[in-house]
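Please treat every number below as a calculation from the coordinates, not as lab data. Predicted model only: the values in this text are computed from it and were never measured. Virtual Cβ from ideal backbone geometry, glycine too; neighbours counted across all protein chains shown.
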Amino acid sequence: MENEFQSTMGTAVDQSAIISRETPEPEAGRAELVNAWADRVRRARSFWHDTAFKRMIEDMRFTAGAQWATGQSAADAAQFTETPEDRYVANITLRHVISRTASIYGKNPKVVAKRKPRLLSTVWDGSGQSISAAMEAVSMDPMNMQAMAVLQDAQQTMAQNQMLDKMARTLELMYEHEIDEQPIPFKVQMKGTVRRALTTGVGYTKLGYERIMGKHPDVDRRIETTEQQLSAMERLSADMADGEILEGSAEEEQLRLLLADLSQTEQVIIREGLTYNFPDSTAIIMDPDIKQLRGFVGAQWVAEEYFLSADRIKEVYGVDVSSSAPGVSDEEAATARAYRRTRHHAYSPTDSVKDKKGDTYHCLWEVYSRTDGMVYVVCDGYPDFLVEPAAPDIYLERFFPWFPFVINEVYDDDTVIPMSDARLMRDMQRELNRTRQGLREHRVAARPRTYMASGRLSEDDKAKITEAEAHAVVEITGMQPGEKISDLLQSHSGPSIDPSVYDPSPVFEDYLRALGQQEANLGGTSGSTATEAAIAEGSRSTSVASVVDDLDEFLTELARASGQVLLLECSAEKVKKVLGPGAVWPELDRENVALEIMLEIEAASTGRPNKAQDIQNAQAIFPMLMQIPGISPEWMAKEMLRRMDDRLDLADAFAAGMPSIQMMNAAKQAAGPEQAGAGGPATDPRAQGGQGGNNAPSTQPQQVNSAARPPEGAPPPPPGSVGM
């Protein structure tokens, strides 16, 4: 069977050296370094679990609806007979997270690349008057070296600025291309990050660059399905070569099917480009000495935690962490520690050798150490690094590839991870649930009941009274002649309900003050006036605008880092293949990559309501700019379209030397109907009313059309109707 696979795959099957199966025995110094990093990460994970991760997990369960069982005291549990699943839950926490996410992240950001201001000219002072003066001097004296130097310096400076502007435009288009090419839509993933931050207090985005045939433990970073097939085929073929797969097993059939599928593929296309991964909030383990979460200020190292199966580790790292050395039993082997997945995607260690043979996972830590600039990949319990420690795959000025989005930031000596919105509204949510649960129980207690003296009616009489239909005549054997039914049966309606006791208005008042959200944003109000709702909405808009500013800063930082990675990793050939031969792409090193161009998130791109203000400012400024000689109409049109967020392309709209439409209409009006070629009210500019080509007051006497003059004695036409 092995020879059959080798004949099908050629040299691709001979990969027994790809997977390392023997338990390594590193040197004393290397083994000590591995143990030091593993112990350091374990202690940090325990620290963050006690201070933040445990709270995050509770907030996740709370937002999902587990709002009675989580943190319930014995006194609260004693007063209810229902199970927590049967009690009343008005989950406004989830509603708040959904509503706030929509308010914060409205759409994908529009990225604008701008060149940094630099003093490039050495002789030219940057003004147009200097160029005019130099040109006049050269025309009078062609040997004027000073004027020639000014013109040459100005020409070089403008050419370099033009090249940088075109390079910035190329970077904009390339970044938008990478965002659009993500396997999972960028907007979907980023809104998930915002929801994660609202639920746990922080959401992370990890920036990377996927190269052809590159492998990474994150499944969602895989760009093409073909790469996953190749990785699985490599692992299975290596297991086959090492005798790990028996003939007639399921793995053998899986390898055969993979070979058959890939043999029918004429061309394997694997793309490379930017990747954005969105790890769980509890997967990032930081140095406990961290001082600020944004930028990881004070942290010397940051690690990301993965739980992968043994087969997945084989595919990514080429190491079998679950096998033992030859001649060593499973009980004596120094293999990686096994974990089992629990209900809420948590992992608990298992020490049973029998359990390790089942569906188990292994804990990996990818550690970025800023102290020595190295990346270490450690597996819990494995005696060696999974890959040789080296510098990060991509260069970033900030070093760490994770970008945290933080809300409700507060200064706290205990932890840098702030409380989430779910934690802030925890008391209000539980009080609302208790209020509604109490109202439900009160309604049950207030149901009408009928009482009677014991032994007066038989079971048959009780059934007749209980099951009687409308207008039915019921014969009761236990009723004496002449006795009234009111003497036999007495009704009782129970305690009356006081609505003020169960009024949730105080809950929503605290909700507004704590989170900047009002009851109307959740779908309705309970007696609020329009003025009160408007005031509350203004407060909410201010709170949302503050969070949107934080998101804009987060996206700006992410975009700048993405631009740096693109400038370093993308080749000019790839850029021109994607964007066209007119693209300008530099060849820069790490020191100069951030000196020429920077990326900025355009204001109002993420939903901040300031677009109207931008348009209003443009409408006030542009009339003054139109009076300045030399202002380009094309530039003004582009700026107005940009502020109105319109994607109209002006490349084909401009014609050199053609006057504006308003000037052409004015020329036709001055020429008169005879020269215009048509005459009559349909083509006469004066017959166009208030929407004519040139509505400025004219100093020339106007001819009155006798056909349009009203007859004598007729009432005057209404204003604005002349010429209609």
Mind sorting E553, E573, E58 by how few other Cβ atoms lie within 10 Å of their own Cβ, fewest first?
E573, E553, E58
FRET efficiency for T477 and A90, using Cβ-Cβ distance with R0 set to 35 Å, rounded to 0.05
0.10
